[in-house]
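Okay, structure first, notes after.
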Amino acid sequence: MVRALLAALILGAFAQHAAAEVRSVRMIEPRPFGYFLGDTLQRTVEIETGLEDEIVPASLPRVGPSNYWLELRGIEQHAVRRGDARVHILKLTYQMFYAPIDPRKQTIPAAEIAVRGAGGAATATIPAFTFLMSPLREIFPEKSGETAETFLRPDYPNGLRRSGATRTFALIMAALSLGLLALLARELAWWPFHRRPARPFSRATREIGRALAQGGSEGYRAALLALHRAFDAAAGRRLMAADVDAFLGTHPEHGDARMAVDRFFRASHAVFFGEGRRSNPDTFGAVELKELAANLARQERASR
Amino acid sequence: MERSQSAFIAQARAALVAAWRKVRLPALVVALAASVAALAALTWQILEVRRDNATIAALKAGEDIPVDLRKASDEVLFARSEFLIARDRREEAQALLDASSSMDDPKLRARLLANHANARIRSAIAFVERGDQDKAIPMTRLAKDEYRLALRLDPEAWDIKYNFDVAMRIVRDFPGYDQEGEDIPPDAPKRLWTDLPGVPKGLP
């Protein structure tokens, strides 16, 4: 007997649990008065259901004209969990196109929303909402020499396009570009940073290019001298072939170029002081000289 | 312990600085290229705005400048529509109205629609004054549809509400010829309201 009763209770509990359950419908309504033609209003519906229950989307009011004066403009829907319940929040935005002649009650009709659970369905009813719409004009506008022009509010004037924000933005971009260009010039020792003490080899690279473009042995000599001056500037004193080891010790960034630097000093010695310059003119060719200078410039950029 | 930690920090910092020096040049070049590209795009936009403003000024001055309805900016479309309305070129104005759905600014489109509707109401009133109500009624209906669409786009526009109200009283909306609804008043759809200028007999 007791067992049977218990079983019945449990079954009953199951059955209750399985069907969809609408526990409450709470409305948050806007003011019920003071609406004009074309105004919008927003109603919020909070439907509390069992945890697993869902709103049937097809049962929601349809977006678009509801009748000749009322339009549903949009539905926002989301759900939150509150304790052991699920609260479905619907925000319904309506727009009214009723032009009353005197203040007049209007009603948004009630609507039913289906809620679907694991084992069945239930309905939640959104109640009707009645509110007062007001006219914009007198019932009988005064007739004092009106024409079509005074009868209507005037047309909207046309305006020019504005570019203020774009201009500000363009100015910012121009300033940014100039700043970046200055930084780049400093990095590569371009004018007005061409005498930057930290970039002697960058300067020398340009001078060598110019000197070699003149051609002839004069140009070659000038190019060699330019690189010598760069070495002097980098070392802070006159640098001779014998000082190369000491220089590379204090400037380890140029260590990779040791071979080429040694050959450069030997070749330069041969050109300026030696006899072998005619017998062996290509020990250190123009291309090699350019490469060495560019290499040294790259190394000095990476170190300072 | 402490010393090794500070040494580690110093080492890490040195590594970071070295890495930065290595990428400094390419980073500068890329940033400069990007900002110059942005500057060029913005300058192009500003020039376009200037060109558009010149077109708008010319239309305002009465020059008949044709406008590509699909490509023109909102403001140019608006100026062109003003031009057409002022010269009563209804068919071209209608074509422009149909193309206005591509406008970006809903408020400006609402104003464009409202100005068209105003023009229709003005001619409807002219028809009524001449006693030609069969022409006034469809004209007013078109205007009402346009006002309604305009208010959908900009529900806060008071002037549109007001003019819509005027149009509503020329030809009332009644349930029945749109959709289901309450009772249809016997004199409903074709009754002209009585506050029109030039229709003084209607005063109750």
For this session: Would you be so kind as to identify which of A:HIS194, A:GLY215, A:LEU225 lies farthest towards the positive end of the dipole of segment A:180-303, taking Lys and Arg as +1 and Asp and Glu as -1 on Cβ and the Cα centre as origin?
Result: A:HIS194
For this session: Mind checking the full-extension length gain between A:GLN77 and A:VAL63? Use 0.36 nm per residue of separation minus the Cα-Cα distance, one decimal, nm.
Result: 3.7 nm
Exercise. When Lys and Arg each count +1 and Asp and Glu each count -1, what net charge do the other residues less than 12 Å away from B:MET139, Cβ to Cβ, add up to?
Worked result: +2
Exercise. Per residue of B:149-162, what is the mean number of Cβ atoms on other protein chains within 10 angstrom of that residue's Cβ?
Worked result: 4
Problem set entry | Distant alpha-carbon pairs in the protein assembly as shown (separation over 42 angstrom), percent | 57
Problem set entry | Translational diffusion coefficient (Stokes-Einstein; Kirkwood radius from C-alpha pairs) of segment B:1-141 at 20 °C, 1.002 mPa s, in µm²/s | 106
Problem set entry | For peptides A:239-246, A:120-127, A:195-202, sequence by mean Cβ density within 10 Å, most packed first | A:195-202, A:120-127, A:239-246
Exercise. Going by a ≥ b ≥ c, the root eigenvalues of the Cα gyration tensor, does segment A:180-303 fall in the rounded group (a/c under 1.5), the prolate group (a/b larger than b/c) or the oblate group?
Worked result: oblate
For this session: Identify the residues of segment A:158-187 with backbone N under 13 Å of a label point that sits 7 angstrom from the Cα of B:TRP44 along the Cα-to-Cβ direction, or state none.
Result: none
For this session: Provide the FRET efficiency to the nearest 0.05 for the A:PHE273-A:LEU171 pair, computing r from the beta carbons and using R0 = 41 Å.
Result: 0.10
Seminar exercise, completed: Taking Cα pairs closer than 8 Å and at least 6 residues apart, the relative contact order of chain A in percent is 14
Problem set entry | Percentage relative contact order, segment B:37-88, counting C-alpha pairs under 8 Å, at least six apart | 34
For this session: Starting with the highest mean, order A:261-270, A:226-235 by the number of other Cβ atoms within 10 Å, averaged over the residues of each peptide.
Result: A:226-235, A:261-270
Exercise. Amide H to amide H under 5 Å from A:GLY38: which residues, 5+ apart in sequence or cross-chain, H placed 1.01 Å off N in plane?
Worked result: A:MET96, A:PHE97, A:TYR98
Problem set entry | Using a Förster distance of 45 Å, the FRET efficiency for B:ARG90-A:ARG26 (Cβ separation, nearest 0.05) | 0.30
Exercise. Which order, highest average first, do B:14-24, B:59-69, B:147-157 follow once you tally other Cβ atoms within 10 Å for each residue and take the mean per peptide?
Worked result: B:147-157, B:59-69, B:14-24
Exercise. Taking every residue in B:33-42, how many Cβ atoms of other protein chains lie within 10 Å of its Cβ, on average?
Worked result: 6
For this session: Starting from the Cα of A:LEU132, move 7 Å in the Cα-to-Cβ direction to define the label point; list residues of segment A:79-123 whose amide nitrogen is under 11 Å from there.
Result: A:103-105
Exercise. What relative contact order, as a whole-number percentage, does segment B:1-147 give when Cα pairs under 8 Å and 6 or more residues apart are counted?
Worked result: 14
Exercise. Using +1 on the beta carbon of Lys and Arg, -1 on that of Asp and Glu, and nothing else charged, what's the dipole of the protein assembly as shown about the Cα centre, debye to 20?
Worked result: 2600
Exercise. Which distance in nm do the two modelled labels at A:GLN214 and B:ALA54 give, with both placed 7 Å along the Cα-to-Cβ direction?
Worked result: 5.0
Exercise. Hey, with R₀ at 35 Å, roughly what FRET efficiency would A:LYS91 and B:ASP98 work out to, going by the Cβ-Cβ distance, to 0.05?
Worked result: 0.60
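Bear in mind these aren't lab numbers, they're just calculated from the coordinates by the rules spelled out. Just so it is clear, the structure is predicted and the values come from calculations on it, not from any experiment. Neighbour counts are summed over all protein chains in view; Cβ atoms, including those assigned to glycine, are modelled from backbone coordinates with ideal geometry.
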